Amino acid sequence: MSLTVAVRHRLGSLALDVGFESAGGITAVFGASGCGKTSLVNVIAGLIRPDFAKISVGDTVLVDTERGIDLPPHKRRIGYVFQEARLFPHMTVESNLAYGEWFTPKSERYAGRAQILDLLGIGHLLKRRPRDLSGGEKQRVAIGRALLASPRLLLMDEPLASLDAARKAEIMPYLERLRDEVQIPIVYVSHSVAEVMRLASDVAVLAQGKLVAFGPAAEIAQRLDLVPAEEREEGGVIIDMRVTSHDEGFGLTRLASPAGDIYVPGRIGPEGTPARVRIRARDVMLALEEPKHISALNILRGTVAAITPADAASVNVRLDCSGEAVVARVTRHSAAVLKLAPGTPAFAVVKAVSVSGPAEAR
């Protein structure tokens, strides 16, 4: 189901000016703190009345200021998940979930409780109260409560920001299932490159209230100039791959794409399982000849497509690997010594990858 957003609104010194259209899946709204991410989703939710807006989900118009349409929040059928779970502390998990169902007439409900419990892995938590849940469990229950309202659209505002690394790792596979199995658009606010590149279908990049880039996650991932300085070390590319085989003796999974094969530790689903690989620019070395007798398993053949400045000492080198992009961050000195230029054949030696998919290795 498509999502169309066009918003212009002034909030103090911040002037929002954002417009995009997504075919569905997870649309990440990404940018540094204070760029207007939360203000944008609050306009979508109906919590802020904008100066100008046209917002629709599929054929349903939520707001069109030019036509005088402005559905109140409770009629927009939007699920909202905040940074904090905001569960009712005096209720059990089961009662919190039932509260979500209460808002939608039975004739309009499409979300089955059994399906949501299975999707989020929370069936065993029903009799507990929020005080007895971990941070990750609380957020999964909050997502379940939002989904059981059978929303047209799900808004998630930094849902992992309050969690530590272990709890984030716990909840990520559930968010991937949410993306792949729930057929409603999701707007996911984050300032984390790692989260966005792992989860998003499309990415809207904001800076000082303005939309500075929008497109598929794989394309936006290559634009390291869009990444806030504090997150730049996480920048790189994502490649959608597929499991082709397992090496049980050495505990490896082989993934394939037009760019070449990648080997990763662990078992990631059966053959044919899709997997998203994220390769950070800092984890790629370049060579003019195919390396021999080295420990790195992942070597991709390509051609230099572009070289752009990274900082005073470094450049980002983008390789075209049979139509897939791989970006390496190297020193200016190395680029000069190797005489790198567009059209130069080169090999990317990938030192580390981050992999996610429907059946991620445990």
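The values are calculated or read from the model by the stated rules, or taken from the named source; none is laboratory data. Quick caveat: nothing in here was measured; it's all calculated off a predicted structure. We place every Cβ from the backbone using ideal geometry, glycine too, and count neighbours over all the protein chains shown.
Here are the numbers for this structure:
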| item | result |
| --- | --- |
| Candidates PHE52, PHE82 - the one that is assigned by TED's automatic domain parsing to the domain that holds LEU119, closer than 21 Å to PRO185 by Cα, aromatic (Phe, Trp, Tyr) and touching a residue at least 12 places away in the same chain (Cβ under 8 Å) | PHE82 |
| Selection count, the stretch 191-213, where residues are surrounded by 19 or more Cβ atoms within 10 Å (Cβ to Cβ), in contact with a strand residue (DSSP E or B) (Cβ under 6 Å, 6 or more places away or on another chain) and in a strand (DSSP E or B) | 5 |
| Enumeration of residues in the stretch 263-285 that are surrounded by fewer than 21 Cβ atoms within 10 Å (Cβ to Cβ) and hydrophobic (A, V, I, L, M, F, W, C) | MET285 |
| Residue that is farthest from VAL182 (Cα to Cα) [pool: residues in the stretch 75-118 that are among the hydrophobic types (A, V, I, L, M, F, W, C) and in contact with a strand residue (DSSP E or B) (Cβ under 7 Å, 6 or more places away or on another chain)] | PHE82 |
| Conditions (1) surrounded by fewer than 22 Cβ atoms within 10 Å (Cβ to Cβ); (2) in contact (Cβ under 8 Å) with a residue 24 or more places away in the chain; (3) within 25 Å of THR60 (Cα to Cα): number failed by ARG129 | (3) |
| Strands (runs of 3 or more DSSP E) completely within the stretch 233-313 that count 2 or more residues being over 21 Å from ALA194 (Cβ atoms) and charged (D, E, K, R) | 236-247 |
| Residue match in the stretch 216-224 (condition: surrounded by fewer than 18 Cβ atoms within 10 Å (Cβ to Cβ), in the same structural domain as LEU11 (by TED's automatic domain parsing) and under 24 Å from TYR174 (Cα atoms)) | yes |
| Breaking point among (1) in contact with an Asp or Glu (Cβ under 6 Å, 6 or more places away or on another chain); (2) at pLDDT below 95; (3) not hydroxyl-bearing (Ser, Thr, Tyr), for ALA305 | (2) |
| Tally, over the stretch 70-129, of residues that are over 21 Å from ARG152 (Cβ atoms), over 25 Å from the mean Cα position of the chain (by Cα) and of a type in the set (A, V, I, L, M, F, W, C) | 6 |
| Residues that are crowded, with 18+ Cβ neighbours inside 10 Å, out of contact with any helix residue (DSSP H, G or I) (no Cβ under 6 Å at 6 or more places or on another chain) and farther than 18 Å from GLY121 by Cα, drawn from the stretch 155-186 | MET156, GLU158, ILE184, PRO185, ILE186 |
| Pairs where the first residue, in the stretch 108-122, is of a type in the set (D, E, K, R) and the second is assigned to a loop (DSSP other than H, G, I, E, B), C-beta under 6 Å, 6+ apart | ARG109/SER150 |
